[in-house]
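> Structure provided below as structure tokens; questions to follow.
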């Protein structure tokens, strides 16, 4: 029944992706820098290559990357390539393709930040709902203020403190990386445990910092919802506290939270830079950071493109799911 | 005295306020016979709705039930624990909420809102059995079966109110408390909803308390009427008697304020405003607005006196 609606939303998603790709193409070229020449000059100044052949090499590489063609041709090529999922080669790590590098980094970021975002959302939302509930256990009142205090601290700062405490002072957790160097990558118990051990520090710093925010927002919504007439009537209906709490209060209070969750999930890719750089996590944020340092045009473009697709897709999913969550929003055209 | 189904005895509800205790329901007693339609009328803030909530023991902080007792048959409600009281709501005493309110959960289908109520009272119906029960209930309040699948926002105000009535009668309660069930509905729909309410009440053999301030509606619907003023029940009498021969000056002025078809002309009101419950005047709370007030009214609080078998009044002059 909602096929038209879904198709329309998907069309909007595609337009966003196309606009993003276009901006992504033109913006870096406005700088007038020649990334290939820069790269070669840099290497030359480090004493690797002879100065004489540089102009020659720039030409060859530019040909190779298609940078010698007119801008419009470049743009059309680029759009065609993007449509085929080809994001060109990395300039700094030449034979490797950008798609390869992103594909390698993406699971780390989605795993770490996706999981921590979902966990903080679930935990924070439930705690926030309980906080507003008169029948909630007393200890919650003592549990929450520290989380609110943590919420005010940037998570990289908390991350550094935790790192110092747990990895440096007590040495119970690894200090750096997504897995132990030299570990054999694969779906073995040993490797999975190793990855989990490495994920504890960054996860902890993100979750501890964000739970308070989710709880705060949910508590506010919950208080409003509990004042609604249908909650009073639910009580007059003699419903169990649990039914009223879950089905009448939380079910309604969670609607705005869901919007926030979709946006938060869309932003995990762009929010990954700081965590990943601090904890040396091999994800997309670290990749972007490195690419900016190396002036690696195509990788930067590729990552930014991925971020935009991620955000667009999260919004698309939210649009599709929202009518199901809140029947007052319908598929039908008004 | 004849058999009673619900008895309210010296019920008092107080709200704790920084500047002292506010008594929203002050020493109210009345009783309800089986099948009886009892009206509770008064101005805004006179304690009608608080009464309704207090009977169901649903007063929230800073309010509290200060004293008194509510009997449902032989059961004293203050003696019930939380869970027994919960089970008694809807099954023993059901509420029909105000018509102007959003009393239905916006994200749950009507069928499931009825299902919730049944399930939490131990009637765990599923699938077809639930669908049949819901269809019967909807038919009883004059709603088509497809309403079961609908969400509240897909229904009109009158339909929503019928759905609320369907929920209220789903466990065949002995007493229905309808708190301004037709506020915010236009007169045509109001009449239909009241007819529905009256019919299901007769089918069930339940007694009903109709809370409201529409004296015309009261005159058409109830058997006996109680008038509340500043938290007190100042007069109770059979509806015919109270309309033709009101005993309390407040009741009299209330009835005189109704426009009539025979006597055209200006509308008559009651001068002054209802007092703040926080700063009640000494003596009879109505004396500053009462044209017949005497010295005694200003100093001595009138006691509730029985006037025959089913009437009471709290006035020195009656």
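> Other chains near A:248-254: what is the mean number of their Cβ atoms within 10 Å of each residue's Cβ?
Across the residues of A:248-254, the mean count of other-chain Cβ atoms within 10 Å is 2.
> What is the extension gain from residue B:129 to residue B:262, computed as 0.36 nm multiplied by their sequence separation minus the C-alpha to C-alpha distance, in nm to one decimal? Walk me through the numbers before you get to the answer.
On the way: separation 133, 0.36 × 133 = 47.88 nm, distance 5.46 nm.
In short, 42.4 nm is gained.
> At residue A:93 and residue B:294, where each label point lies 7 Å from the Cα along Cα→Cβ, what is the point-to-point distance in nanometres?
10.2
> Taking every pair of Cα atoms in chain B, average 1/r, invert it to obtain the Kirkwood radius, and report Rg/Rh to two decimals. Could you put the intermediate results ahead of the total?
Numbers: Rg = 20.4 Å, Rh = 20.7 Å.
Reported Rg/Rh, Kirkwood definition of Rh: 0.99.
> For A:168, A:155, A:126, what's the fewest-to-most ordering of other Cβ within 10 Å of each Cβ? All intermediate terms of the calculation are to be shown ahead of the outcome.
Values: A:168 11, A:155 23, A:126 16.
Result, fewest neighbours first: A:168, A:126, A:155.
> Enter the mean number of other protein chain beta carbons within 10 Å of the beta carbon of each residue in A:224-236, as an integer. Present the calculation step by step, with values, prior to reporting the outcome.
Working: counts 0, 0, 1, 1, 5, 7, 11, 2, 8, 13, 7, 7, 18.
Counting other chains' Cβ atoms within 10 Å and averaging over A:224-236 gives 6.
> Extent of the protein assembly as shown along each principal axis, from alpha carbon coordinates, in Å, largest to smallest?
In descending order, the Cα extents are 120, 56, 51 Å.
> Label residue A:223 and residue A:38 with points 7 Å out from Cα along Cα→Cβ: what is the distance between them in nm?
Each label point lies 7 Å from its Cα, and together they span 5.0 nm.
> Report the relative contact order of chain A, percent, no decimals, based on alpha-carbon pairs under 8 angstrom and at least 6 residues apart.
Working: 356 pairs, mean separation 88.6, N = 334.
It comes to 27 percent, rounded to a whole number.
> By how many nm would the segment from residue B:311 to residue B:184 grow when fully extended, if each residue of separation counts as 0.36 nm and the alpha-carbon distance is taken off?
Working: separation 127, 0.36 × 127 = 45.72 nm, distance 3.13 nm.
Contour length minus Cα-Cα distance gives 42.6 nm.
> Next question. Residues of the stretch A:137-180 with backbone nitrogen within less than 14 Å of a virtual label 7 Å along the Cα-to-Cβ line of residue A:115, please, listed as ranges.
Only A:178-180 fall inside the zone, counting backbone N under 14 Å.
> So what is the relative contact order for chain B, in percent, with contacts set as C-alpha pairs under 8 Å and at least six apart? Spell out each step's value before the answer.
Values: 584 pairs, mean separation 66.0, N = 318.
Over chain B, the number comes to 21 percent.
> Based on the Cβ-Cβ distance of residue B:245 and residue B:274, what FRET efficiency does E = 1/(1 + (r/R0)^6) give at R0 = 30 Å, to the nearest 0.05?
Details: r = 24 Å, r/R0 = 0.80.
The computed FRET efficiency comes out at 0.80.
> Classify the stretch A:110-282 from the C-alpha gyration tensor, please: rounded if a/c falls under 1.5, else prolate or oblate depending on whether a/b exceeds b/c. Each step should come with its number before you reach the end.
Working: a/c = 2.54, a/b = 2.23, b/c = 1.14.
Prolate, since a/c reaches 1.5 and a/b exceeds b/c.
> With the crude spin-label approximation of a point 7 Å out along Cα→Cβ, what separation in nm comes out for residue A:126 versus residue A:63?
Those two pseudo-labels are separated by 6.3 nm.
> Where is the GNM fluctuation largest for chain A (alpha-carbon springs, 10 angstrom cutoff): A:116, A:73, A:258?
In the Gaussian network model the winner is A:73.
> Just B:86, B:61, B:133 to compare: in a GNM of chain B, with alpha carbon springs under 10 Å, which one fluctuates most?
Looking only at B:86, B:61, B:133, the biggest GNM fluctuation is shown by B:61.
> PRE reach from residue A:152 (point 7 Å along Cα→Cβ): which of the stretch A:114-143 fall under 20 Å by backbone N?
A:128, A:141-143
> What value, in deg cm²/dmol to 500, does the helix sum -39500 (n - 2.57) over DSSP H runs of n ≥ 4 give at 222 nm once divided by the residues of chain A?
Calculated mean residue ellipticity at 222 nm is -22500 deg cm²/dmol.
> Next question. Run the numbers for residue A:6 and residue A:325: contour at 0.36 nm per residue of separation, minus the present Cα-Cα distance, in nm. Walk me through the numbers on the way to the answer.
Numbers: separation 319, 0.36 × 319 = 114.84 nm, distance 1.54 nm.
Going from the current span to full extension adds 113.3 nm.
> Given only helices, namely DSSP H runs of n ≥ 4 each adding -39500 (n - 2.57), what is the per-residue ellipticity at 222 nm of chain B, to the nearest 500 deg cm²/dmol?
Numbers: 10 runs with 99 residues, N = 318.
So the helix-based figure for chain B works out to -9000 deg cm²/dmol.
> Which of A:75, B:229, A:4, B:15 has the fewest other C-beta atoms within 10 Å, and how do the rest follow up to the most?
Details: A:75 16, B:229 24, A:4 11, B:15 19.
By the 10 Å Cβ count, ascending: A:4, A:75, B:15, B:229.
> Using the alpha-carbon centroid of each, what span in Å lies between the stretch A:59-117 and the stretch B:129-155?
Centre-to-centre distance over Cα atoms comes out at 57 Å.
> Another question, if that's okay. When chain B is treated as a GNM, springs tying every alpha-carbon pair under 10 Å, which of B:41, B:230, B:245 comes out with the largest mean-square fluctuation?
Maximum among the listed residues: B:245.
> Give me A:139, A:164, A:133 sorted ascending by neighbouring Cβ count inside 10 Å, so fewest comes first.
On the way: A:139 8, A:164 12, A:133 19.
By the 10 Å Cβ count, ascending, the order reads A:139, A:164, A:133.
> Relative contact order, percent, of the stretch A:110-282 when contacts are C-alpha pairs under 8 Å separated by at least 6 residues? Mind showing how you got there, number by number?
Values: 174 pairs, mean separation 66.7, N = 173.
Relative CO of the stretch A:110-282 lands at 39 percent.
Each reported figure results from applying straightforward, stated rules to the coordinates on display, with no laboratory input. All values derive from a computational prediction rather than experimental measurement. Glycine gets a Cβ as well: all are built from the backbone with ideal geometry, and neighbour counts include every protein chain shown.
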